[in-house]
Amino acid sequence: MTSSPQNVRILDGGTGHELKRRLAGTFTDAALANSSFPDAVQCLHAEYISAGADVVTTNTFAVTPWHLNRVLDAHDAEASVEGLAAAAGQLARQAVDSEATRRGVRVAGCLPPLRDCYASEDWLVGDGAAANEARDTYSTLVAALAPSCDLFVVETASYASQACMAARAAAQGCAPGTELWVSWTLADSLHAGPRLRGGQALADACQDVILSGVQVDGWLVNCCSPHIAASDATWSKLHEAASNSGARLVGCSPNAFKTTTLQWLDGGGAADAATSWAPDPDFDSTDSPPSWRPHCFGTWGAALIEREMKRCHHARSVALGGCCGTTPAHIAALSAALSHHTFNAISQQ
């Protein structure tokens with residue numbers, strides 16, 4: 001076949017990170033853009049749709065009390081989680097309604113980590129006040145986003161406890177039948193198998209969410225290096241969780257940086273041997289840190305889809321997009337690579 005398989009879902013790229021870059025600010029500045037620069041937010045969603053995305057994610061990654069409390073005084077601004085989240089949902093919905101009604105593009109409501117997404121300790125454990133605040137915040141996010149969203153994604157989760165909290169809020173606050181995806185962020189090493197940044201094994205974290213009783217329709221990983229996000233070990237655990245939960249989708253959205261996530265956070269230190277997942281010419285050295293060239297991302301993505309289509313034999317959908325450092329150009333390159341890639345015939349089971 002010469003077009004992308006019907007059960008492949010192209011996700012968008014790094015919305016918050018790209019807005020941060022375009023507005024020359026921080027992740028929280030990007031969140032405030034839902035009210036201060038709404039045209040920029042809607043335009044970015046529209047660019048992802050034009051690039052070929054089947055799902056666009058609301059700009060709510062930094063719409064949390066923890067983020068907002070850190071910058072509102074500096075901006076002499078007033079903003080609420082509820083107001084910014086509602087605006088984010090509306091902007092994504094308006095982009096979809098104006099750009100892609102015939103393609104059936106969907107809006108995913110992002111339920112983010114409520115504090116530092118790379119925290120070394122699980123701040124929910126043993127803190128009743130923190131748990132109550134988290135429960136209230138997730139409920140507020142879900143209520144504000146629900147009128148505009150087709151599905152919810154618990155994004156960049158590094159602890160099962162936090163993922164369960166967000167997943168329960170979505171299950172309780174959205175319409176029956178609304179899809180729920182859980183997307184984990186993984187540690188930079190696979191020496192002990194795929195593990196969350198909080199240290200728990202990926203398989204155990206998925207099982208904790210399943211045992212909580214929440215129906216999960218998609219298992220993904222995001223915001224980690226491609227060699228981690230796309231490893232056979234990682235995808236084996238995603239497929240295992242899908243089989244255990246009845247989920248019909250697995251996927252990933254890696255970062256586009258040559259460095260690992262922790263190297264990037266530490267100031268963009270040089271990549272080491274553990275991160276040599278692509279040759280130097282595949283990266284644009286004029287970026288800081290060096291980032292994946294879009295056409296290389298597209299070629300890589302088509303090969304990953306080929307591998308996973310063979311593994312799942314059309315039994316479930318495969319989703320692929322990008323996280324930090326990926327742009328509409330990366331998604332356009334992925335869409336083009338999929339449309340020109342000749343996928344091997346795969347028999348139905």
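What is the distance, in nm, between label points placed 7 Å from the Cα along the Cα-to-Cβ direction at residue 339 and at residue 311?
Reported label-point gap for residue 339 and residue 311 is 2.7 nm.
Please check: in the Gaussian network model of the chain (C-alpha springs, under 10 Å), which one of 316, 70, 197 has the largest mean-square fluctuation.
70
Report, for the chain, the % of DSSP beta bridges that are antiparallel, rounded to 5. Walk me through the intermediate numbers first.
On the way: 5 of 34 bridges.
Percent antiparallel among DSSP bridges in the chain is about 15.
Is there a quick way to get the dipole size of the chain? I mean about its Cα centre, with the Cβ of Lys and Arg at +1 and of Asp and Glu at -1; what is the value in debye to the nearest 20? Don't jump to the answer; show the numbers that get you there.
Values: 22 positive and 35 negative charges, 194 e Å.
With Lys and Arg at +1 and Asp and Glu at -1, about 920 debye.
Between residue 97 and residue 69, what is 0.36 nm times their sequence separation minus the Cα-Cα distance? Round to one decimal in nm. Provide the component values of the computation, followed by the final result.
Details: separation 28, 0.36 × 28 = 10.08 nm, distance 3.28 nm.
Here the answer is 6.8 nm.
With point charges of +1 on the Cβ of Lys and Arg and -1 on the Cβ of Asp and Glu, referenced to the Cα centre of the chain, which listed residue (8, 62, 170) lies farthest in the positive direction of the dipole?
Working it through, the farthest residue towards the positive pole turns out to be 8.
Would you report the distance distribution of C-alpha pairs in the chain as whole percents per 10 angstrom bin, up to the bin with the largest distance?
Bins of 10 Å from zero give 6, 27, 38, 25, 5, 0, 0 percent of pairs.
Separation between the residue 285 and residue 240 pseudo-spin-labels, each 7 Å from Cα along Cα→Cβ, expressed in nm?
Reported label-point gap for residue 285 and residue 240 is 4.1 nm.
With unit charges on the beta carbon (Lys/Arg positive, Asp/Glu negative), name the residue among 199, 146, 96 whose Cα is farthest towards the positive pole of the charge dipole of segment 8-340.
After comparing all options, I get 96.
Compare 321, 109, 83 in a GNM of the chain, Cα atoms joined below 10 Å, and give the one with the largest fluctuation.
Among 321, 109, 83, the largest mean-square fluctuation in the Gaussian network model of the chain belongs to 83.
Just so you know, all these numbers are worked out from the coordinates, no wet-lab data involved. Bear in mind the structure is a predicted one, so any value in this text is a computation, not a measurement. Positions of Cβ are backbone-derived with ideal geometry, glycine not excepted, and every protein chain shown enters the neighbour counts.
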